[in-house]
Amino acid sequence: MLGTLVNVAAIIAGSLVGLIFSGRLSEKYNRTIMQAISLGVILIGLKSAFACNDFILIIISLALGSLFGEMCKIEHRLGNLGEFLEKKFSKKEGSFAEGFVTTSLLYCIGAMAIVGSLESGLTGNHSTLFAKSTIDGIAAIIFSSTMGIGVLFSSVSVFLYQGTITLAAVYVKPFLVPEVISQMSSVGGLLIVAIGMNMLGKNKIKVGNMLPAIFIPLLYYIGMQIFIR
């Protein structure tokens, strides 16, 4: 869990720094900066998306994962949690929930979150999560300066998500072959692209409801191993 704890600390520290500079730039500068960041997020997502060439499985994973996520109303529940925290900790309505949901998804969906958490749980190697911590901390400065204190609370989502993967890694170790990891990373990359599009102000994509899609390749591989035997 050390890697996840360092990641959480980096997000909190970055958010606090960003909040110090919050409100010192006019709206037009904030908007342009966010658009620039959005393009960077899309680029990161595209890079991960091309990690796998099994496009049929990727499409099926997105469809099935989205169906399950829609049934569970993940996006709605994340929004409700953000609004609840907003009422408790923020006086500025509207920005808290958006910052919380957007950065929670962004920090959790990426390939580094998945692979790093698995490495941490399986081998005790935290180097990937340490690298992710540096990136997330810098990003938190930028995001919190434009999106507010909701970014800081995304650290709770990171702790729960990455911590769960780290603890569960030992149980799914036999199925975490490189092919499966690349498939999971590819799906996650596409979801990051969707987050970037949302940040640009395009039609709202319910990325939260698509989150289970990341784990469909793993479930598919486990099922194949069971039935082949």
Checking residue 88 against (1) in contact with a His (Cβ under 9 Å, 6 or more places away or on another chain); (2) surrounded by fewer than 24 Cβ atoms within 10 Å (Cβ to Cβ), which test does it fail? (1)
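Quick grid of which residues meet (1) at pLDDT below 90; (2) open to solvent by 50 Å² or more (accessible area, probe 1.4 Å):
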residue	(1), (2)
9	no, yes
25	yes, yes
36	yes, yes
41	yes, no
48	yes, no
51	yes, yes
64	no, yes
Of everything in the stretch 193-229, what is among the β-branched types (Val, Ile, Thr), open to solvent by 30 Å² or more (accessible area, probe 1.4 Å) and either touching a strand residue (DSSP E or B) at 6+ places or on another chain (Cβ under 8 Å) or touching a residue at least 24 places away in the same chain (Cβ under 8 Å) (or both)? Give them in sequence order. 216, 222
Does any residue of the stretch 172-195 turn out to be aliphatic (A, V, I, L, M) and not in a helix (DSSP H, G or I)? yes
In the stretch 171-192, residues that are closer than 13 Å to residue 109 by Cβ and open to solvent by 20 Å² or more (accessible area, probe 1.4 Å) total 1
Do we find that residue 154 is closer than 14 Å to residue 113 by Cα and either in contact with a Pro (Cβ under 6 Å, 6 or more places away or on another chain) or among the hydroxyl-bearing types (Ser, Thr, Tyr) (or both) in this structure? yes
What number goes with the only condition from (1) in contact with a Gly (Cβ under 9 Å, 6 or more places away or on another chain); (2) within 17 Å of residue 3 (Cβ to Cβ) that residue 134 does not pass? (1)
Output the qualifying pairs, or none if there are none: Cβ atoms under 9 angstrom, residues six or more apart or on different chains, first residue in the stretch 91-104 and in a helix (DSSP H, G or I), second residue modelled with pLDDT of 85 or more and among the charged types (D, E, K, R). 103/136
Output the residues belonging to the stretch 79-113 that are at pLDDT 80 or above and aliphatic (A, V, I, L, M). 101, 105, 106, 113
Residues (open to solvent by 10 Å² or more (accessible area, probe 1.4 Å) and part of a helix (DSSP H, G or I)) located in the stretch 138-152: 138, 139, 141, 142, 145, 146, 147, 152
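The values are calculated or read from the model by the stated rules, or taken from the named source; none is laboratory data. This structure is a prediction, so every number in the text was calculated from the model and none was measured. A quick note on method: Cβ atoms are made from the backbone with ideal geometry, for glycine too, and the neighbour counts reach across all protein chains shown. Surface areas here come from the heavy atoms of the whole protein model, side chains and all, with no ligands, DNA or RNA. Shrake-Rupley method; radii C 1.70, N 1.55, O 1.52, S 1.80 Å.
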